[in-house]
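Participant: First, the structure itself, so that you have it in front of you.
None of the figures in this text is laboratory data; all of them are computed from the coordinates on show. Here the structure is a predicted model, which is why all the values come from computation and not from measurement. Counting neighbours? That spans all protein chains shown, and the Cβs are built from the backbone with ideal geometry, glycine included.
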Amino acid sequence: MDTPADTWDNLHAHLTFLWLNRFYLYSCAVFGISLWIGLQFLNKAKEQNKNHLAKLSLPKTTAAEKEQQDTSLDKVHVAGVKVFYGSQTGTAKRFALILTEAVASINLPAEIIDMQDYDPDDCLIDE
């Protein structure tokens, strides 16, 4: 008869320990559930992003279609790129400089024009 009493005492000791530390148990449960919900949200967002990108991608073309497109495309002549900007703070001017450097890197002539100094009648001869 001694064994069942010892078993009950052991069970009682464990249950008392859990009851006294219930705040930590609840905190761990809330953290685990929150982590699970967050991961589900991120996985769903990633899946939707992948589906959205798949819809936006170009359809796959075969080699025959590429040859048809290559023959049908005319060669385009670009005389130069003019970057117009208008800024009070200077942000647009910095962006125009960066854009001009990018255009110059592909061997196209580029020109930066401030809208404040631009007169279309003066530049009509150049165009």
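Participant: Stretch Lys60-Ile98 to full length: gain in nm at 0.36 nm per residue minus the Cα-Cα span?
Facilitator: On the way: separation 38, 0.36 × 38 = 13.68 nm, distance 3.34 nm.
Roughly 10.3 nm would be gained on extension.
Participant: How many nm is it between the label spots at Gln88 and Asn10, if each spot is 7 Å from the Cα in line with the beta carbon?
Facilitator: Calculated label separation equals 8.1 nm.
Participant: Long-range amide H contacts for Ala110: which residues qualify at under 5 Å (H placed 1.01 Å from N, peptide plane, sequence gap of 5 or more or a different chain)?
Facilitator: It is Val81, by chain and number.
Participant: With a 10 Å radius around each residue's Cβ, average the other Cβ atoms per peptide and rank 23-33, 89-99, highest first. All intermediate terms of the calculation are to be shown ahead of the outcome.
Facilitator: On the way: 23-33: 10.0, 89-99: 12.9.
By packing density, highest mean first, the sequence is 89-99, 23-33.
Participant: Label Asn107 and Phe17 with points 7 Å out from Cα along Cα→Cβ: what is the distance between them in nm?
Facilitator: Each label point is offset 7 Å from its Cα along the Cβ direction, giving 7.7 nm.
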